[in-house]
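Read-outs throughout are calculated quantities, based only on the coordinates presented, and are distinct from any laboratory measurement. This is a predicted model, so every value here is computed, not measured. Here the Cβ positions follow ideal geometry from the backbone for every residue, glycine too, while neighbour counts run over all protein chains shown.
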Amino acid sequence: MSKVLVVTSGKGGVGKTTTTAALGAAIAQSGSSVCVVDFDVGLRNLDLVMGAERRVVYDLINVVCGDAKLSQAVIRDKRLPNLHLLPASQTRDKDALTDAGVARVMDELRQKFDWVICDSPAGIERGATLAMRHADVAVVVTNPEVSSVRDSDRIIGLLDSKTIKAEKGETLDKHLILTRYDAARAARGDMLKVEDVLEILSLPLLAIIPDSQEVLRASNVGCPVTLNNPLSAPARAYADAVRRLQGETVPMSVLSDRRSFLERSFLDKFFARRAA
Amino acid sequence: MNLLSFLKVRQTAPLARERLQLIIAHERAEVGRSQLVDILREEILAVIAKHIAIDRDKVQVRVEQGQEVSTLDLDIELPVNFNAKKAA
Ligand SMILES: Nc1ncnc2c1ncn2[C@@H]1O[C@H](COP(=O)(O)OP(=O)(O)O)[C@@H](O)[C@H]1O
Ligand SMILES: [Mg+2]
């Protein structure tokens, strides 16, 4: 049974595309086949984060309009043969994404892959509702910050009313990924704590992803963080999230790859001298 | 003021949490109301359509939230010879 998962948030820049790539690669590493689909028409970025930007020939809109076959548009990852990408269109208008066309493509994706992961655009307009429409599972990506939490609440409302599952009166499986978390700042009382966000949004927690330089390093080289540095804290947190999605019980912890203060000051001094 | 309460005052996250709880409760109620209005509009339209051929956007449904009472405002514009359909 294949599953369609939407990665959504309302607010932009919170880590949806990072999360889509990381979950996609971790699922592929676990042995299932997966296609990540970029719904961010006009602002395509998943191709860059996955390192496939120079291999894009056809895109989602071409397939929806029938100008290309799905097999022509889907790009297979060079590192993980189970991992695939269906890029967004960078130039065409998003009105070309008709409801019926998207439904047909989602059906075809379901037949070909174990997991289909839809990377949602920001906002609560049509692009975002189309990305979530066919989902069986939703991952709401939230930062521990007021506007992100508020927008997540709006998106949860849409998940409960605009998806096919919701319209049929079935339950859509919703999860929260709290990302860019900084445990030290939360402990100091300068960042919302995990419990605060959970209490406000009342969604089950899928993962806490620490704010980490490994995420930027991974996107610099065009490789999902779970593949680029599997031992880093964000990669381990995403890998645990995938195990939970696949039904395993994995204890939740706030992972961190921060070096201790002493270690840091020693190493930084060392490198500063070398750089000088 | 002792050291502990001094530190507490400087924390910003508790205020963030409180503000969020208030605004989200307010917005959830708002969304709930507008969903109710949508449902009412659809059901009222269906009832009228059973008897009169009517234009969808000629039916306005509004809920006004007042201090003492709230009201449900219906504004339905009927076609000129609206009993023609059943009479014919
Ligand atoms: N856990 C993290 N730690 C540090 N930076 C992150 C993390 N997650 C995302 N980012 C950074 O935040 C920015 C926005 O991320 P992105 O995934 O593009 O967000 P969205 O798709 O929601 O707009 C990017 O620069 C990304 O590298
Ligand atoms: Mg994005």
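A few points about this structure:
- Whole-Hz couplings from phi, Karplus 6.51/-1.76/1.60, listed for the stretch A:87-92; x for Gly and Pro: x, 7, 7, 9, 10, 6
- Shape annotation for the stretch A:58-103: C-alpha extents along the principal axes are 34, 20, 15 Å, from largest to smallest.
- Highest mean first, the peptides A:146-152, B:50-56, A:102-108, B:66-72 sorted by other C-beta atoms within 10 Å per residue fall in the order A:146-152, A:102-108, B:50-56, B:66-72.
- Cα gyration tensor shape for the stretch A:204-243, rounded if a/c is under 1.5, else prolate or oblate: prolate
- Amide proton proximity set for A:TYR181, modelled H, under 5 Å, gap of 5+: A:ILE209, A:ASP211
- Here the Gaussian network model covers chain A, with springs between Cα atoms less than 10 Å apart; of A:ILE27, A:ILE164, A:ILE155, A:ILE164 fluctuates the most.
- When the trypsin sites (Lys or Arg not before Pro) in the stretch A:59-92 are filtered for DSSP coil states and for at most 13 other beta-carbon atoms within 10 Å of their beta-carbon, the remaining sites are A:LYS69, A:LYS78.
- In the protein assembly as shown, the DSSP beta bridges split such that about 20 percent are antiparallel, to the nearest 5.
- Rg/Rh (Cα only; Kirkwood hydrodynamic radius) as it applies to the stretch A:38-148: 0.95
- Whole-angstrom gap from the stretch A:7-40 to the stretch A:116-154, using each part's C-alpha centre: 12
- Compactness of the stretch B:12-87 was expressed as the Cα radius of gyration divided by 2.2 N^0.38 Å, which yields 1.68.
- Percent antiparallel among DSSP beta bridges (both partners in the stretch A:1-138, rounded to 5): 10
- Chain A - percent relative contact order, Cα under 8 Å, separation 6 or more: 23
- Average silhouette area of the protein assembly as shown, convex hull of alpha-carbon atoms, in square nanometres: 27.5
- Under 5 Å between amide hydrogens, built in the peptide plane, is the criterion, and for A:LYS174 it picks out A:ALA138 among residues at least 5 positions away or on other chains.
- In order along the stretch A:27-40, the phi-based Karplus estimate (6.51 cos²θ - 1.76 cosθ + 1.60, θ = phi - 60°) of 3J(HN,Hα) comes to 5, 4, 5, 6, x, 8, 8, 8, 10, 8, 10, 8, 9, 7 Hz; Gly and Pro are listed as x.
- Leading residue at positive end of dipole, the protein assembly as shown (Cβ point charges), from A:LEU159, A:GLY66, A:ALA207: A:ALA207
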